[in-house]
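Inspection log for the structure reproduced underneath, given as structure tokens.
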Amino acid sequence: MSQPLLLKGFEVELYTGRADGTVVGCSAEAAAALEGFVTEPDCRNLEYTTPPAASYREQLQLLLEPRLRLRRWLADRALTLLPGSTLSTGDSRRFERSNPDNPYHGYIEATYGTRVVTASVHINLGITEMEALFAACRLVRCEAALLLALSASSPFLDGAATGAHSQRWLQFPLTPAQVPLFESHQHYVRWVEQQLQLGSMQNVRHLWTSVRPNGDDRPHDLNRLEIRICDLIADPLLLLAITAFAELRIHQLLADPATHDPARASALSLEQLAELADANDRAAARSSLEAELRHWRSGEPVRARDWLASELQGLAPLALSFGLQRWLAPLEAVLQQGNQAQQWLAAEADGASIATLIAAGAEAMAARETELMALLATDRSALLG
């Protein structure tokens, strides 16, 4: 292993509701009662963040501990956590403000309505050298559709199938509407300052795209890449597997930028690559693993499932050198059995109701967390070796 693992951390958005799958908002009360939780503009979901740590085992614990504290608080109110990234069982006709006095929340409601009332997970990977950070942003942006294809979990809205695998990504208002592949840190700074002057961004956080640079004083002080495209990934081990895939692709880039930086290794221009990436994201939102995408190297069509299988095969030696092969293992099951959206849609086609599927998913989430905490405590799992 030539380089250390990257620091990583997660922003996890979750819906709260009843065990029967009904969404019930309580984020303001939960955030006031529990350290580490914050509200979203709509009270039906809330968010927690894990601190940066390079270790996958440590991040597993950091992902689980806040969720178990939240579950204990919810249990006293006969509530639980719900899977999925959209209001699967309703009601998207109304906005339920978590803080009616917050003017930014008012802007969000007036401008976007319930299109933003989604749950997801954002993956942050630490990169402090600016040339490497923006090269990584270009690579991950061009492959973000693969991460959505693995994580798609929002085929339902308001008690009906939408026809998409990630309704969340199709309805969420990407802002600004067109975002370039940034050539450099200086290009990013100039572009953000221009958007603020034009009013297409309300503040430096108002850049809602699949992948963006992040840091404590944007756009100037940056220290990480933030992947925003993934739907909520209920199983922490699958979340860590997707993270390991993205991290290994970045390590390939850092070791050989001439081969893996789209700015240097693609037959397409940066403008064409930005259009290709956005089109791939939409295709993955509609059909996930079965989507026909266009590869950034040549623009040639490739099925998402096949692209992923090829990349995983190519990553195997590097995964072994970093000791990450076991953390990657859940991805093979997704390629063979389908992602959460595909499994839900298959069950609905066989006659299961959406409410029943969400309720069963909520129960499975809780059981999985209990199982993983037990494995961490005993340290007997091969996955945790």
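Only the coordinates and a few stated rules stand behind these numbers; no lab work does. Just so we're clear, the structure is a prediction, and the values are computed from it rather than from any experiment. Note: ideal-geometry Cβ built from the backbone for every residue, glycine included; neighbour counts use all protein chains shown.
May I ask you to evaluate 6.51 cos²θ - 1.76 cosθ + 1.60, the Karplus curve with θ = phi - 60°, for each residue of segment 167-173 and list the ³J(HN,Hα) values in order in whole Hz, giving x for glycine and proline? Each residue's phi maps through the Karplus curve to give 4, 3, 5, 6, 8, 5, x Hz.
If you take all other residues with their beta carbon under 12 Å from the beta carbon of Leu273, and give Lys and Arg +1 and Asp and Glu -1, the sum is -1. Roughly how many whole Å is it from the C-alpha centroid of segment 213-269 to that of segment 305-334? Result: 16 Å between the Cα centres. Sorting Tyr107, Tyr56 from the fewest to the most surrounding beta carbons within 10 angstrom yields Tyr107, Tyr56. Calculated FRET efficiency, Arg368 to His206, Cβ-Cβ distance, R0 = 41 Å: about 0.75 to the nearest 0.05.
Coupling constants for segment 353-368 follow from the phi torsions by the Karplus curve (6.51 cos²θ - 1.76 cosθ + 1.60, θ = phi - 60°), and in residue order they are 7, 5, 4, 5, 5, 5, 4, 5, x, 5, 5, 5, 4, 5, 5, 5 Hz; glycine and proline get x.
Per-residue packing, averaged as other Cβ atoms within 10 Å, sorts the ranges 209-217, 360-368 into the order 209-217, 360-368, beginning with the highest. Entry note, the chain: the mean residue ellipticity at 222 nm calculated from DSSP H runs of n ≥ 4, each adding -39500 (n - 2.57), is -15500 deg cm²/dmol after division by the residues and rounding to the nearest 500.
Quick one: net charge of Gly36's neighbours, Cβ under 12 Å, K/R +1, D/E -1? Can you show the working numbers first?
Values: positive: Arg67, Arg69; negative: Glu11, Glu35, Glu47, Glu65.
After counting each charged neighbour, the total is -2.
A simple spin-label model places the labels of Glu35 and Asp76 1.6 nm from each other, with each point 7 Å out along Cα-to-Cβ. Across segment 1-98, the relative contact order, built from alpha-carbon pairs under 8 Å that are at least six residues apart, equals 36 percent. Here Thr356, Thr114, Thr243 are placed in order of increasing Cβ neighbour count within 10 Å, fewest first, which gives Thr356, Thr114, Thr243. Taking amide H as placed 1.01 Å from N in the peptide plane, Arg294 has its amide H under 5 Å from the amide H of Val302, each at least 5 places away in sequence or on another chain. Once you have the Cα-Cα distance between Asp256 and Ser353, take 0.36 nm times their residue separation minus that, and quote the gain in nm to one decimal. Between Asp256 and Ser353, full extension yields 30.0 nm more. Among Phe182, Phe156, Phe322, which one shows the biggest mean-square fluctuation in a GNM of the chain, springs joining Cα atoms closer than 10 Å? Looking only at Phe182, Phe156, Phe322, the biggest GNM fluctuation is shown by Phe322. Judged by the gyration tensor of its Cα atoms, with axes a ≥ b ≥ c, segment 257-385 is oblate; a/c meets the 1.5 cut and b/c is at least as large as a/b. With a cut-off of 13 Å between beta carbons, the residues surrounding Arg249 carry a summed charge of -3, where Lys and Arg count +1 and Asp and Glu -1. With a ≥ b ≥ c the root eigenvalues of the C-alpha gyration tensor of segment 226-285, is it rounded (a/c under 1.5), prolate (a/b larger than b/c) or oblate? Note, shape of segment 226-285 comes out oblate. What whole number of Å gives the distance from the Cα centroid of segment 1-47 to the Cα centroid of segment 55-122? So the separation of the two Cα centres works out to 5 Å.
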